[in-house]
Amino acid sequence: MSFDSHGSRRAVGTVERAEPLDLLGRVPYGRLATSMRALPFLAVARHIVCDGRILLRMHSGFGHHEACDGSVVAYGADNYNDAASGDGGNLWSVQFTGPAEIVHPCPEQEELFGAAPVSVNGEPYAPAYLRVDPHFVTEHTLDF
């Protein structure tokens with residue numbers, strides 16, 4: 001069970017996950033949340049949606065992917081930057097919670113991620129990939 005944007009409980013199934021997954025497909029980056037050495041952290045990640053799961057690409061140099069492997073994580077994204085553009089549209093955020101595991105995407109999946117950054121904090125970017133199987137989904141909207 002999970003909770004909808006009004007705090008009501010709902011069962012999470014393929015049909016109900018479709019809308020939040022569609023929203024996730026509208027933005028390229030989000031934030032991964034878990035803990036490392038008993039401390040919480042957020043890490044930026046590029047995502048794609050594939051077969052109802054979320055594939056993440058992140059920099060391997062910090063070891064965040066290793067901390068997430070086999071753990072339950074949260075991954076969220078939003079369109080809040082649209083407010084800065086003066087678009088005037090409604091804003092949304094989605095969060096997915098579930099187990100993560102290190103994966104090696106096929107060439108077609110790697111291509112969907114698009115170009116990778118050249119560097120992170122001045123060091124060469126080295127990609128690592130995680131798959132998150134969303135068990136709980138939360139969606140919030142801000143209507144204007």
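A short reminder: the numbers here are calculations on the coordinates, not readings from a lab. Keep in mind that this is a model prediction, so the values were computed, not measured. When we count neighbours, we look across all protein chains shown, and the Cβ atoms used for this are built from the backbone with ideal geometry, even at glycine.
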| note | Placing each pseudo-label 7 Å from Cα in the direction of the beta carbon, Glu110 and Arg31 end up separated by a distance in nanometres of 3.0
| FRET efficiency, Ala38 to Val103 (Cβ-Cβ, R0 25 Å, nearest 0.05) | 0.45
| task | Could you tell me the convex hull volume per residue, in Å³, taken over the Cα atoms of the stretch 25-144? | result | 126
| task | Please give, to one decimal in nm, the separation of the simple spin-label points placed at Asp51 and Tyr125, each 7 Å out from Cα toward the Cβ. | result | 2.6
| message | For a Förster distance of 22 Å, can you work out the FRET efficiency between the beta-carbons of Leu142 and Asn81, rounded to the nearest 0.05? | response | 0.95
| remark: Projecting the Cα atoms of Asn79, Pro40, Trp92 onto the charge dipole of the stretch 15-144, where Lys and Arg contribute +1 and Asp and Glu -1 at Cβ, the residue farthest towards the positive end is Pro40
